Amino acid sequence: LQKYIKLISLGFVQVEFKIDIFTENQSFHKTKLKIQNYINRLDKKILVIIDDIDRLNFPEVQLIFKLVSLIAKFDNFIFVLLFDNHLVEQYLFDNKIEKQYLEKIIHKSFRLPTCQKSNLTKFLYDGLKKIFEENDFTQEEISLFFRLFDYQYNIKLQECFTTLRNIKTFLTALKFEL
């Protein structure tokens, strides 16, 4: 318990709030109440944003959800969890955990619409053009590239660029290669 109290204390130091919960013989319930009193004295909501949960391996995903579940029992905590729902549900399914597991932790979910293929293609082409221009390619070289790339993109490559993340990763790698 002392290890976790020290971690919690470090977070509150950032907002100039000192917590002193060093108790040897105090019950877990009393310690929890003491922590809640400190949180209440802040007189503010605590927003925690966790992104890219779907990029973690399953034990890490499970740990994140367990931590959120435990910490959310304290008042004044708001969590924003960002992840690809399909991937996380697949993790749960693969590990024989029921879908309702998430429903117990996540009280309100918002589904973002998928990006249209035309917008993804425009983002990719704009990114490629910008990289080529930054690397002093001539307009003739850029035009030749796009004529050849268009054909390959429409036949096969389009399958590789299904998300903004895929495209950004590709463009970043290309920048470093040129």
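The values are calculated or read from the model by the stated rules, or taken from the named source; none is laboratory data. Because the structure is a prediction, the values reported are computed rather than measured. Here the Cβ positions follow ideal geometry from the backbone for every residue, glycine too, while neighbour counts run over all protein chains shown. In case anyone asks, the SASA skips ligands and DNA or RNA and just uses the protein heavy atoms, side chains included. Shrake-Rupley method; radii C 1.70, N 1.55, O 1.52, S 1.80 Å.
Figures for the structure shown
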{"item": "The stretch 77-93: number of residues that are open to solvent by 90 Å² or more (accessible area, probe 1.4 Å) and touching a Phe, Trp or Tyr at 6+ places or on another chain (Cβ under 9 Å)", "result": "0"}
{"item": "Residue within the stretch 155-176 that is without any contact (Cβ under 8 Å) to a residue 24 or more places away in the chain and more than 27 Å from the chain's Cα centre (by Cα) present", "result": "yes"}
